[in-house]
Amino acid sequence: MRLLVASDHAAIELRQAVVDHLRGLGHAVEVSGPASGERADYPDQAALVAHAVAAGQADAGVLLCGTGIGMSIAANKVPGIRAALVHDVSTARLAAEHNRANILCLGARVLGPVVALDCVDAWLQTAFEARHQHRLDLITALERSA
Ligand code: RB5
């Protein structure tokens, strides 16, 4: 898959672990965000990834900040984005199965690296269940009515 991974300054180390993991699995990964010692605002990073995913320039994205909350709030402002903040393998799996999340959000200050990488794997390995499509259509209608 073509994946985008971005973070703010609170998640640089976990971002690198996610990038290494995804590349090790054979995905084409582009990275955005600050280098060590730099700072970056999470809405800017979220916008970059969300617009690219919504435009089809990438298949999906992973956004990381301290809690994952700011990234998920910001990314979900972009039409077509279903960004899911997950905390464990179950929520990661369900984000794919029920919500067809096209962006996974992770919190580096609340998740250990092992759980975070397990979340990434669960999300990528789980297929969307078509019986939930109607609810996604309702979300799309909500976006259009805003
Ligand atoms: C940055 O200090 C922090 O606010 C950010 O990483 C994130 O947790 C926001 O939701």
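Taken together, the values in this text are just the output of simple stated rules run on the coordinates, not laboratory data. All of these numbers come straight from a predicted model, not from anything done at the bench. Virtual Cβ from ideal backbone geometry, glycine too; neighbours counted across all protein chains shown.
Note on segment 36-73: residues that are touching a helix residue (DSSP H, G or I) at 6+ places or on another chain (Cβ under 7 Å), within 16 Å of the ligand (Cβ to nearest atom) and over 14 Å from Leu106 (Cβ atoms) total 7. Would segment 17-38 turn up any residue that is of a type in the set (A, V, I, L, M), more than 19 Å from Asp121 (Cβ to Cβ) and part of a loop (DSSP other than H, G, I, E, B)? Taking every residue of segment 17-38 in turn, at least one turns out to be of a type in the set (A, V, I, L, M), more than 19 Å from Asp121 (Cβ to Cβ) and part of a loop (DSSP other than H, G, I, E, B). Beta carbons closer than 7 Å, at least 6 apart along the sequence or on distinct chains, pair a first residue in segment 108-134 that is in contact (Cβ under 8 Å) with a residue 60 or more places away in the chain with a second that is outside any helix (DSSP H, G or I) and of a type in the set (S, T, N, Q) for Arg109/Thr67.
Take the conditions more than 16 Å from the ligand (Cβ to nearest atom) and of a type outside the set (D, E, K, R) and apply them to Ala130. Does it pass?
yes
Right, Ser90: within 14 Å of the ligand (Cβ to nearest atom) and among the small types (Gly, Ala, Ser) or not? Considered against the rule, which asks whether it is within 14 Å of the ligand (Cβ to nearest atom) and among the small types (Gly, Ala, Ser), Ser90 comes out as no. When segment 59-91 is filtered for residues that are more than 12 Å from the chain's Cα centre (by Cα), buried (at least 17 other Cβ atoms within 10 Å of the Cβ) and among the aliphatic types (A, V, I, L, M), only Val78 remains. In this entry, Val53 is excluded by the filter for residues that are crowded, with 23+ Cβ neighbours inside 10 Å, in contact (Cβ under 8 Å) with a residue 60 or more places away in the chain and under 20 Å from Thr126 (Cβ atoms). Taken residue by residue, segment 94-110 has at least one member that is more than 16 Å from the ligand (Cβ to nearest atom) and in contact with a His (Cβ under 6 Å, 6 or more places away or on another chain).
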